[in-house]
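The values are calculated or read from the model by the stated rules, or taken from the named source; none is laboratory data. All values reported here derive from a predicted model rather than from experimental measurement. Cβ sites come from the backbone with ideal geometry, for glycine too, and all protein chains shown count toward neighbours.
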Amino acid sequence: MGRWEPGARGRLARVALELYAERGFEQTTVEDIAERAGVTERTFFRHFADKREVLFDGSAVLQEHLVDAVAQAPAELAPIDVVGHAFADAATLLEERRDHARTRAAVIAATTALQERELLKMAALASAVTVALRARGVADPAAALAAQAGVSAFSIGFELWVTDPSSADLATRVRETLEQLRAVSVGGPA
C-alpha cells in the first residue's frame, strides 16, 4: 500500500459507498474500506473523521453553493423565488452523479443514524439559507419560511429524482416540487 498514493480520498469514498451498499453501513468497518481501497486506516482518517462522514463529504460545498446563489439572485425576486432559484441551481452539482446519489440515498434510508445525520445536514442548509436571505433584507419569519420551503422542495424533488430513473433532471424536479408547494399553499390544484 502506497502511503501517499494519489486519489486516495476519492477512492476511499467510492469504495466505502460500494461496501455500504453490499454489506450495509453498520457491517462495514473502516478497516474494510481502507483494505479494499489499498490504503491504511490512518490514511482513511487523514481524509475522513469517521465512516459516516464519507457519505456527507460534499455538504459544505452544497451549502456554500446555495448561499452564493441566494446572494447573487436578482434583487427583484421574491424570497421563495430566490430560494427556488438557489436550490435548482445547486441541483446541477448532483446531476452528473445520479447513480452515486441513488446508491447513497438507499444506504442512508437503510440506517436510522444516517437518516438523523441527513436531517441535520438539511437543517444546516435551511439555517445557512435563512442567514443568506436575511443578508438580502428578508425579515423573519419570511426568511426562515422560504428557506425551509426550499429545503422541503429540494428533499422531495431529490427523492423523486433518485427513485425514478426516467424522471426529469434534478433542477426540474426541484422547480416542479416548489410549484406544487405554491399551488397547495394558495388552495389551487396540486
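Within segment 37-47, is there a residue that is under 30 Å from Val129 (Cβ atoms) and free of Cβ contacts under 8 Å to residues at least 60 places away in the same chain? Looking through segment 37-47, at least one residue is under 30 Å from Val129 (Cβ atoms) and free of Cβ contacts under 8 Å to residues at least 60 places away in the same chain. With respect to being closer than 30 Å to Glu76 by Cα and either in contact with a Phe, Trp or Tyr (Cβ under 8 Å, 6 or more places away or on another chain) or of a type in the set (Ser, Thr, Tyr) (or both), Val107 falls outside the description.
Look at (1) part of a helix (DSSP H, G or I); (2) touching a residue at least 24 places away in the same chain (Cβ under 8 Å) and you find that Glu31 fails only one, number (2). For the condition assigned by TED's automatic domain parsing to the domain that holds Ser152 and buried (at least 16 other Cβ atoms within 10 Å of the Cβ), Leu12 does not qualify. Of the candidates Asp89, Asp99, Asp68, the single residue that is in a helix (DSSP H, G or I), out of contact with any Lys or Arg (no Cβ under 6 Å at 6 or more places or on another chain) and under 30 Å from Gln27 (Cα atoms) is Asp99. Restricting Ala143, Ala153, Ala86, Ala90 to those that are in contact (Cβ under 8 Å) with a residue 24 or more places away in the chain, surrounded by 19 or more Cβ atoms within 10 Å (Cβ to Cβ) and more than 15 Å from the chain's Cα centre (by Cα) reduces the list to Ala143. Looking only at residues of segment 34-61 that are in a loop (DSSP other than H, G, I, E, B) and not small (Gly, Ala, Ser), we find that the one that is surrounded by the fewest Cβ atoms within 10 Å (Cβ to Cβ) is Asp50.
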